[in-house]
Structures are given as structure tokens and as C-alpha cells.
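Student: One structure, as C-alpha cells, below. Some questions next.
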Amino acid sequence: MLTHEENELLCRVEGDVPMGQLMRRRWTPVCLVEEVSEPDGAPVKAHVFGEDLVVFRDTDGNVGVMDEYCPHRRVSLVYGRNEDCGLRCLYHGWKMDVKGNVIEMVSEPSCSDMTKKVKHKAYETKEWGGFVWAYMGPQDVIPDFVPPAWAPTEDTRVSIAKAILPCNWAQILEGAIDSAHSSSLHSSDFVPARVGGAEATSKNWLRPSTDKAPRLQVHRTEYGFRYAALRRPIQNAATHDYVRSTVFVAPATALIPPNNLYNVANINVPCDDTSTAFYFIAWGHPDKAPETET
């Protein structure tokens, strides 16, 4: 069991705490691409690591992730006008581009050079695998974005369900990597069947086992760990094992055992200390992987 102090160290992500600083040094999803799909569309609010952010796609199709509040009078830019390659604050008309440059101050005299003296907080972004990613760590050295292994090519179909859940990221992660709970909690979805391996239909996932008490074997790796959940199969129970292998990619991604049609994963992005953006992901060949609505 964790001590209270260990639990605090693990779960707290806001401000300068160690876990939050560690997570910031990874490229992090801040929202779905579909939430900001239209150039000059409505800005979207995001809340990551306790920071209030605004996400928008400018006239040229570039995506910006910035501090939600205008550097002038701290008015929310979620209500700003997204126009002409910038986000304009409604209060005094200050306008910022996707890099945080203040490109217009209509409330200032035309001879003013104040735009050169103000820079709004903005983060580097990348679109990949259905997400808008941002690097929210120290901005002096920004690592190259490396596409996650679950979306290796741009033409891979990736379908994502998003939910904001009222618990911390670790509470969700420990369930995501727990193979044992699926036999009980998801018993209406994971249906025992006489099949040769995990299969999917339009309504259920089929599992070749009724065993609810798996034996676990763990292999630690440089990226986290993977483990095998060993169950007695329905067929050949005396001589065979049914193996489900889960991969944990630090700090908060779980690759769930796939079925015969598509792969499954989830990413748990801390909104703050007590809420989490839970992304449930399916990906694979366009003819087999489900669409997002499904």
C-alpha cells in the first residue's frame, strides 16, 4: 500500500510538484483535432495540469494552444474572435497569433510599439493520431515530437472517445492496466465464447475463457512495463493458457490487449489534481477499425 506521502507525490500534478513537472516533459494531448477542425472556428477551452488553456485553429489552418486569459486584463480568450490569423480578445481588441505574438493592439495609439514588449504564453503544438498535442515543459529546449506507437502512420484510422472524469489520473490508470477487473465489470461486453483468441463483433468482444482470477507475470521495460494475465481457456484448459498482454507506457498510457479487428489504448491526461481527461482509442485498418461514433 502507498503511504499518504507517496500518494500525494504520485497524484498531484498542479504547479511545480514533481509528477506534474515530469508529465510536462512529455508531449501531451490537450484536445481532439475534431474539436478545432474548422479554420477561424470557435475557440475551445482546455484544462491541463491545472492550467486554463485556449485552443484554436487560425485562418491558415495552424493550431494554437495558449494561456486562456488575455495578457492585458485577463479576459477569457475562449470568447475571443478567431479571425485573420489570430485570436482577438473581446474586451480591448488585443490579438494574438498561434505563437503567442501580440500582433494588434487596437486600443493603443497607432504610433505605439507596445506589441513588441508583450508576449503571450503559448505552447508548441503538433497534430497526430486525432489529437492536438502540446509540449508544456520548459520552453528553452523542446524535444522533437515522436508519433506514438499506437498511431504509426497518418493514414491509420484512429477513433477516440473522450470523457472528463472526476478523479485523479492514477485512479483511472490503475483500472486501465488491471486485466482482472474486466472479467467482472465488463462481463456484459467481454462474452465468453469458444473462439481461438480475442475477437470482436459489432456488439461484443468474445473471450475464450470464463476464468476470473488471472495469474500475472510482469516484465519491466525502459518505457514502463508489460504484463501477461494468464487464464484457463474454455478449450484445452488442462494443457493451454489464454494470455492477455497489457502494455503500460509511462507516465499515463495503457495499450489494452487487442482483438482480431483493431487495437485498443487509452491515455489519461490530468486536468488538475482531481479530474482527468480520459481518452479511449481504437485504431487499425479502415475496413476493420470502428468509426468514432460507433
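Student: Which numbered condition in (1) of a type in the set (A, V, I, L, M); (2) in contact with a Phe, Trp or Tyr (Cβ under 8 Å, 6 or more places away or on another chain); (3) more than 20 Å from F49 (Cβ to Cβ) is the only one that A134 fails?
Tutor: Of (1) of a type in the set (A, V, I, L, M); (2) in contact with a Phe, Trp or Tyr (Cβ under 8 Å, 6 or more places away or on another chain); (3) more than 20 Å from F49 (Cβ to Cβ), only one is false for A134: (3).
Student: Can you give me the number of residues within the range 125-157 that are modelled with pLDDT of 95 or more, surrounded by fewer than 18 Cβ atoms within 10 Å (Cβ to Cβ) and either under 14 Å from the mean Cα position of the chain (by Cα) or among the acidic types (D, E) (or both)?
Tutor: 3
Student: For the range 229-248, which positions are touching a strand residue (DSSP E or B) at 6+ places or on another chain (Cβ under 7 Å) and open to solvent by 50 Å² or more (accessible area, probe 1.4 Å)?
Tutor: Initial filter on the range 229-248 (touching a strand residue (DSSP E or B) at 6+ places or on another chain (Cβ under 7 Å)): 229-234, 240-248.
Matches in the range 229-248: R232, I234, H240, D241, V243, S245.
Student: Exactly one of these conditions fails for R226: (1) farther than 30 Å from R26 by Cα; (2) open to solvent by 20 Å² or more (accessible area, probe 1.4 Å); (3) among the charged types (D, E, K, R). Give me its number.
Tutor: So the condition that R226 fails would be (1).
Student: Right, next: Assuming N168 fulfils every condition listed in (1) in contact with a strand residue (DSSP E or B) (Cβ under 8 Å, 6 or more places away or on another chain); (2) open to solvent by 30 Å² or more (accessible area, probe 1.4 Å) apart from one, which condition is it?
Tutor: For N168, the exception is condition (2).
Student: So N168 passes all but one of these: (1) over 27 Å from A46 (Cα atoms); (2) touching a helix residue (DSSP H, G or I) at 6+ places or on another chain (Cβ under 8 Å). Which condition number does it fail?
Tutor: Result: N168 passes all but (1).
Student: When you scan the range 194-211, how many residues do you find that are in a loop (DSSP other than H, G, I, E, B), touching an Asp or Glu at 6+ places or on another chain (Cβ under 9 Å) and buried (at least 17 other Cβ atoms within 10 Å of the Cβ)?
Tutor: Total satisfying the criteria: 1.
Student: Can you pull out the residues in the range 46-61 that are in contact with a Cys (Cβ under 9 Å, 6 or more places away or on another chain) and within 19 Å of R88 (Cα to Cα)?
Tutor: Quick first cut of the range 46-61, residues in contact with a Cys (Cβ under 9 Å, 6 or more places away or on another chain) only: 46-50, 53, 55, 58-60.
A46, L53, V55, D58, T59, D60, listed by residue number.
Student: Could you look through the range 254-294, keep only residues that are in a loop (DSSP other than H, G, I, E, B) and free of Cβ contacts under 8 Å to residues at least 24 places away in the same chain, and pick out the one that is farthest from I172 (Cα to Cα)? Even if it seems obvious, please write down each step before you answer.
Tutor: Just the residues of the range 254-294 that are in a loop (DSSP other than H, G, I, E, B), to begin with: 257-262, 271-275, 285-294.
Next, from what is left, pick out any that are free of Cβ contacts under 8 Å to residues at least 24 places away in the same chain: 287, 293.
Details: D287: 30, E293: 23 Å.
Out of the qualifying residues, it is D287.
Student: Let me ask something else. Kindly provide the set of residues from the range 57-116 that are acidic (D, E) and modelled with pLDDT under 95, ordered by number. Walk me through how you get there before you give the answer.
Tutor: So in the range 57-116, the residues acidic (D, E) come out as 58, 60, 67-68, 83-84, 97, 104, 108, 113.
E104, E108, D113 - these are the residues of the range 57-116 that are acidic (D, E) and modelled with pLDDT under 95.
Student: Consider only pairs whose beta carbons are under 7 Å apart and that are at least six residues apart or on different chains; among these, list those whose first residue lies in the range 221-240 and is outside any loop (DSSP other than H, G, I, E, B) and whose second residue is among the charged types (D, E, K, R) and surrounded by fewer than 14 Cβ atoms within 10 Å (Cβ to Cβ).
Tutor: Once the first residue is outside any loop (DSSP other than H, G, I, E, B) and sits in the range 221-240, its partners that are among the charged types (D, E, K, R) and surrounded by fewer than 14 Cβ atoms within 10 Å (Cβ to Cβ) give L230/R215.
Student: Follow-up. Quick check: anything in the range 212-220 in a loop (DSSP other than H, G, I, E, B), of a type in the set (A, V, I, L, M) and open to solvent by 30 Å² or more (accessible area, probe 1.4 Å)? Full working, then the answer.
Tutor: Step one: list which residues in the range 212-220 are in a loop (DSSP other than H, G, I, E, B), which gives 212-214.
Narrowing further to those that are of a type in the set (A, V, I, L, M): 213.
So of that shortlist, the ones also open to solvent by 30 Å² or more (accessible area, probe 1.4 Å) come out as 213.
Yes, the range 212-220 contains at least one residue that is in a loop (DSSP other than H, G, I, E, B), of a type in the set (A, V, I, L, M) and open to solvent by 30 Å² or more (accessible area, probe 1.4 Å).
Student: Oh, and also: Counting just the residues of the range 157-195 that are in contact with a Leu (Cβ under 9 Å, 6 or more places away or on another chain) and among the small types (G, A, S), which one comes out farthest from L10 (Cα to Cα)?
Tutor: A193
The values are calculated or read from the model by the stated rules, or taken from the named source; none is laboratory data. Quick caveat, the model's predicted, so the values are computed rather than measured. Cβ: placed from backbone, ideal geometry, glycine included. Neighbour counts: every protein chain shown. With ligands, DNA and RNA removed, areas are computed over all heavy atoms of the protein, side chains included. Shrake-Rupley method; radii C 1.70, N 1.55, O 1.52, S 1.80 Å.
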